[in-house]
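K.L.:
Dropping a structure here in structure tokens format, bear with me for questions.
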Amino acid sequence: MKFLAWIYRLFGRLICQIAMFPVLVFFYIFLTNQRSSILSFYEKLCDAAPTKTVSFWSGFSNFLNFGTAALDKLAAWNGDIRVEDVNTTGGIDSLFDLDPDEKGVLLFVSHLGNVEVIRAVAGLNFDRVVNVLVHTKHAGKFNNILKKFNPGSQLKLIEVTEVNPAVAADLKSKIDRGEWVVIAADRPPVRDRHNVVQVPFLGNRAPFAIGPYILAHILECPVYTVACLLKHGVYNVIWEKMADQIKLSRKNREEEVFYWAVKYSSWLEELAQEYPEQWYNFFDFWSKPVELDHAK
């Protein structure tokens, strides 16, 4: 990120794209696990559309778009992508309008599209702190890069491997202060990969973490699904309210989590089919997939 920021600021976007192209080709050829994961995604799409075929280079556009998305992250945090440059039909500023009591919200995001643009636009143009839960030890370093790149950033990355009581209490206080909490709802947890619910996604069952729904229950706040997808050179904010509040009972928690996870996966599936080249899940999304029994 430091290297990209340096090239972007000194030489501009075009030179940055030229410098990235051979690197992305190298990655696509030699990062076999990531390439296989993207091709697996396309195979699932082709199962639903038999006229389409998958070749070795089918997923290269995802790598190219991922590079473009990285540049757009820098552009957004540099203030080069402004509120008026993002199509917010029904969009991001409405999230504040729908919050008259100034209570925070929980946003479910995914690795489809470029949610960083939303974070940047929100963090630079609205007086609202954005807290993003990430599963990486580099969160602190990335925070420092953002502060150097744009000191006005309201974004805070919080490194967590699990949502324990202390983390939950801290996030609850942030929600009560009117801050945003953002969590990716499309990946299994880092430590306990059994702490998932298997739900239908593109014709197979895929593991979705139960953590986001448990967290929503604890935070007792509105929950939104949000994505930011590029179409005809314009970023479009796509969101909808998932619930005013997700409540889980002890007796039927498993069934209730399944219900919400299916609702989220259905929303994500529809967008993934419409914007397949912006799918940036470079890992085996369908770990040991189980074919759905359509008779049930």
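Nothing in this text is a laboratory measurement; each read-out follows from the coordinates by a stated rule. Every value quoted in this text rests on a predicted model; they were computed, and no experiment measured them. Every residue, glycine as well, gets a Cβ built from its backbone with ideal geometry; the counts of neighbours run over all protein chains shown.
K.L.:
So, in nm, how far is label GLN245 from label LYS52 when the simple model puts each one 7 Å beyond its Cα toward the Cβ?
P.N.:
Rounded to a tenth, the inter-label distance reads 4.1 nm.
K.L.:
By average Cβ neighbour count within 10 Å, what is the ranking of 210-221, 104-115 from highest down?
P.N.:
Peptide ranking by packing, descending: 104-115, 210-221.
K.L.:
Right, here's the next one. Could you sort 4-12, 270-278, 62-70 so that the peptide with the highest average Cβ count within 10 Å comes first and the rest follow in order?
P.N.:
Going from most to least packed, we get 62-70, 270-278, 4-12.
K.L.:
Follow-up. Would you calculate the convex hull of the Cα atoms in the range 162-289 and tell me its volume per residue in Å³?
P.N.:
Here the figure is 121 Å³ per residue.
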